[in-house]
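The values are calculated or read from the model by the stated rules, or taken from the named source; none is laboratory data. Remember, predicted model here, so these are calculated numbers, not experimental data. Note that each Cβ is placed from the backbone with ideal geometry, even for glycine, and that neighbours are counted across all protein chains shown.
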C-alpha cells in the first residue's frame, strides 16, 4: 500500500480511522498510567482519612469554649487544694486543725525538707513530705486518717505504723504516718 492509497482510505473512512487512532491513544495512556493506580488509591485513602479527621475536628470544635471553661475551673479548684512547701506555718496549721476537729493528740509533727519531691516531667507539682505521729482511740485515729484522705489537700501515704500505747489492746493507739501533700515547692 502506498502513501496515496493510505490517504485515500483515510479520506474515504475518516470516522473509522479517527476512532482507531483514539482507541490506540487511549490504550497507550492506560498502559502508561496503570502502574500509578495503587499509589493513587493510597493517596485517595489518605485524603479521605484527613478529610474525616478535619470534619471531626470541626464538629468537636463547637464545644471547645465550654470545655476550656470547665478545665479552667478545675485548674483553679486544684490550685486551691495545693500546699506550698515554703509556707511551713500554714502547712502545720492544717494538721493542728485536724487535731482539734478529730480529738487525737499530736505527738510529733514535722515537715520534711528532704520530703519535697522535685517537679518532674508531669508538670510543676511536687509532693511536700510530712511525718505525723498521733495518739487516740481507734475511732478518733480512723477519723483523723479519713479526714487526711478526703481533706482539703491531696495526700499520699508512704509509710504507716500503728501500735498500742498501753499494755492492753483496749488502750489508745499510736500511729506514725509519713505522707506527701500535693503542692508546689
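See the values below:
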quantity: One residue from 148, 109, 98 being in the same structural domain as residue 178 (by TED's automatic domain parsing), out of contact with any strand residue (DSSP E or B) (no Cβ under 6 Å at 6 or more places or on another chain), closer than 20 Å to residue 178 by Cβ and surrounded by 12 or more Cβ atoms within 10 Å (Cβ to Cβ); calculated: 98
quantity: Candidates 37, 28, 32, 116, filtered to the one that is at pLDDT below 90 and surrounded by 12 or more Cβ atoms within 10 Å (Cβ to Cβ); calculated: 116
quantity: Within the range 1-107, helices (runs of 4 or more DSSP H) holding 3 or more residues that are under 30 Å from residue 147 (Cβ atoms); calculated: 64-80, 88-102
quantity: For residue 85: the one exception among (1) modelled with pLDDT of 90 or more; (2) surrounded by 11 or more Cβ atoms within 10 Å (Cβ to Cβ); calculated: (1)
